[in-house]
Amino acid sequence: IMVLTSPKIKIEDTHLSEENYIRCNKLWKTSQLVDFCEEKKYQPFKAPLACFDLSFMNFPVSDLNSFILQCKRALDADLKYPIIIDDLGIVANGYHRIVKAILEGKTEIDCIRMEEMPDNYEEYKCEE
């Protein structure tokens, strides 16, 4: 008797080097923001999860496949790394860690608040 195994659905992984932060017409690579924070020696602090705006969707979720990818990214998020908050108080990197922390019932998350943004950004034009 031949037993067939069902195929496993492959879920793509993403890496820090592929992530970007876009604000207005400026784009920074996330790895660039991490390096900038280390260079400036910004110190992490605890912030209450209750203070984050959850009223908008920050992830591109247009179908079940993209929803699964975002869920995997939240499950794989490592809470030992602080989220990055830009100089205006907007989360620049770390939404998946926020999701994971909330799902795990935590009340706080480690953050780094940038006092300024790096000057070396790419011009970004929003699609109309």
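The values are calculated or read from the model by the stated rules, or taken from the named source; none is laboratory data. Note that the structure is predicted; figures quoted are calculated from it, not measured. Cβ atoms come from the backbone with ideal geometry, glycine included; neighbour counts cover every protein chain shown. With ligands, DNA and RNA removed, areas are computed over all heavy atoms of the protein, side chains included. Shrake-Rupley method; radii C 1.70, N 1.55, O 1.52, S 1.80 Å.
For residue 108, list long-range residues whose amide hydrogen, built 1.01 Å from N in the peptide plane, is under 5 Å from its own amide hydrogen.
Amide H to amide H, under 5 Å and 5 or more residues apart or across chains, residue 108 pairs with 49.
Out of the DSSP beta bridges found with both residues in the chain, what percent are antiparallel (nearest 5)?
80
For the chain, set up a Gaussian network in which alpha carbons nearer than 10 Å are linked by springs, and say which option among 99, 91, 61 fluctuates the most.
Between 99, 91, 61, it is 61 that shows the largest mean-square fluctuation.
Calculate the dipole size of the chain relative to its Cα centre from +1 charges on Lys and Arg beta carbons and -1 charges on Asp and Glu beta carbons; express the result in debye to the nearest 20.
Value, rounded to 20: 560 debye.
Between residue 40 and residue 119, what is the spin-label point distance in nm, taking each point 7 Å from the Cα along the Cα→C-beta axis?
Using points 7 Å along Cα→Cβ, the separation is 1.4 nm.
Report the label-to-label distance for residue 18 and residue 76 in nanometres (one decimal), using points 7 Å from each Cα along the Cα→Cβ vector.
The modelled label-to-label distance comes out at 0.8 nm.
Please enumerate, by chain and number, the lysines with C-alpha under 20 Å from the C-alpha of residue 72, excluding those fewer than 8 residues away in the same chain.
8, 10, 80, 100, 106
Give, as a single signed number, the net charge of other residues whose beta carbon lies under 13 Å from the beta carbon of residue 39, with Lys and Arg counted +1 and Asp and Glu -1.
It works out to a net charge of -3.
If you count only protein heavy atoms with a 1.4 Å probe, what accessible area per residue comes out for the chain, rounded to a whole Å²?
Accessible area per residue: 73 Å².
Based on the Cβ-Cβ distance of residue 104 and residue 5, what FRET efficiency does E = 1/(1 + (r/R0)^6) give at R0 = 35 Å, to the nearest 0.05?
0.60
Of the listed values (i) 52, 36, 23; (ii) 66, 37, 29; (iii) 38, 32, 30, grab the one calculated as Cα extents along the principal axes in Å from the structure here.
Read-out from the structure maps to (ii).
Percent relative contact order of the chain, based on C-alpha pairs within less than 8 angstrom and at least six residues apart? It would help to have the intermediate numbers written out before the result.
On the way: 147 pairs, mean separation 40.7, N = 128.
In percent, rounded to a whole number, it is 32.
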